[in-house]
Amino acid sequence: MSRIGVRPIAIPAGVEVKVEDGNIVKVKGPKGELSTPIFQNLSVKMEDGVLTVERPDDARQNKAQHGLARTLINNMIEGVTNGYSIKLVINGVGYSAAKQGNTLTLKLGFSHPINLVDPEGITTEVPDATTVIVKGVDKALVGNYAANIRAWRAPEPYKGKGVLYDGEVVRKKEGKSGAK
């Protein structure tokens, strides 16, 4: 049995879940609306404000998809009720971020600033010059956009300069030793 797939999903107040033809699950809540297709061999059932995902048999592929489908639906429900956010910290002399409209401008040691337009459904906040907060309702989009920002200047191991996730620890290497 899938330990994750068998868990029922409690649907909070103010959230509406619909399962349409073709196994498309649509979730609507106070923060937005999301939908995703679920594997054809799985069934999604809703009873008394509780949603369950069931599989037809214990075939290897069905077992693998069972937990994934339940997690995708749970992430959608969590996203439309609370939303997701990832905090990035910019570390380095002269490195900074600024926000103007829906454009995020990063100065990361290149000869030019990097201008990134926020994708649809994602917002970025810059509370100070060295902090960027990526927010949205879709967990995958938020994580992907944060990874794209980080990819412009991943932290380097000698001084720790670059764009880091909040709480990320960079293992520093020892520099070159003096000549003998």
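Bear in mind these aren't lab numbers, they're just calculated from the coordinates by the rules spelled out. Note that the structure is a prediction, hence the values are computed from the model and not measured. For neighbour counting, all protein chains shown are included, and Cβ atoms are generated from backbone atoms with ideal geometry for every residue, glycine included.
Quick check on segment 133-180: take the gyration tensor over C-alpha atoms, sort the square-rooted eigenvalues as a ≥ b ≥ c, and tell me if it's rounded (a/c under 1.5), prolate or oblate.
Prolate is the answer for segment 133-180, as a/c is 1.5 or above and a/b outweighs b/c.
By a straight-distance test (C-alpha under 14 Å), which aspartates and glutamates pair with Lys63 as possible cross-link partners, with residues fewer than eight away in the same chain excluded?
Partners found: Glu54.
From the residues Val170, Ile122, Ile149, which one has its Cα farthest along the dipole of the chain in the positive direction, the dipole being from +1 and -1 charges on Cβ of Lys/Arg and Asp/Glu about the Cα centre?
Most positive-ward Cα: Val170.
Step through the residues of segment 79-95 one at a time and calculate ³J(HN,Hα) from phi using the Karplus curve (6.51 cos²θ - 1.76 cosθ + 1.60, θ = phi - 60°), rounding each to whole Hz and writing x for Gly and Pro.
After applying 6.51 cos²θ - 1.76 cosθ + 1.60, I find x, 6, 8, 10, x, 10, 8, 10, 9, 10, 10, 9, 10, x, 6, x, 8 Hz.
Quick one: Kirkwood hydrodynamic radius for the chain, alpha-carbon pairs, angstrom, one decimal?
Result for the chain stands at 19.0 Å.
Which entries of Lys31/Lys107; Lys31/Lys139; Lys26/Lys99; Lys139/Lys172; Lys99/Lys172; Lys135/Lys159 have Cα-Cα distances beyond 22 Å here?
Beyond 22 Å between Cα atoms: Lys31/Lys107; Lys26/Lys99; Lys139/Lys172; Lys99/Lys172; Lys135/Lys159.
With θ set to phi - 60° and the Karplus curve 6.51 cos²θ - 1.76 cosθ + 1.60, what are the ³J(HN,Hα) couplings of segment 104-120 in order, to the nearest whole Hz, using x for Gly and Pro?
Karplus-based 3J(HN,Hα) across segment 104-120 equals 9, 10, 10, 10, 10, x, 7, 6, 9, x, 9, 9, 10, 8, 4, x, 4 Hz.
Over 5 Å intervals from 0, what percent of Cα-Cα pairs in segment 1-69 sits in each interval?
Values per bin, smallest distances first: 3, 16, 27, 25, 18, 7, 3, 1.
Could you sort the peptides 100-112, 143-155 by per-residue average Cβ neighbour count (10 Å cutoff), highest mean leading?
Highest-to-lowest ranking by the protection proxy: 143-155, 100-112.
Which value, in debye to the nearest 20, describes the size of the charge dipole of segment 1-149 about its Cα centre when Lys and Arg Cβ atoms bear +1, Asp and Glu Cβ atoms bear -1, and nothing else is charged?
Computed charge dipole of segment 1-149: roughly 360 debye.
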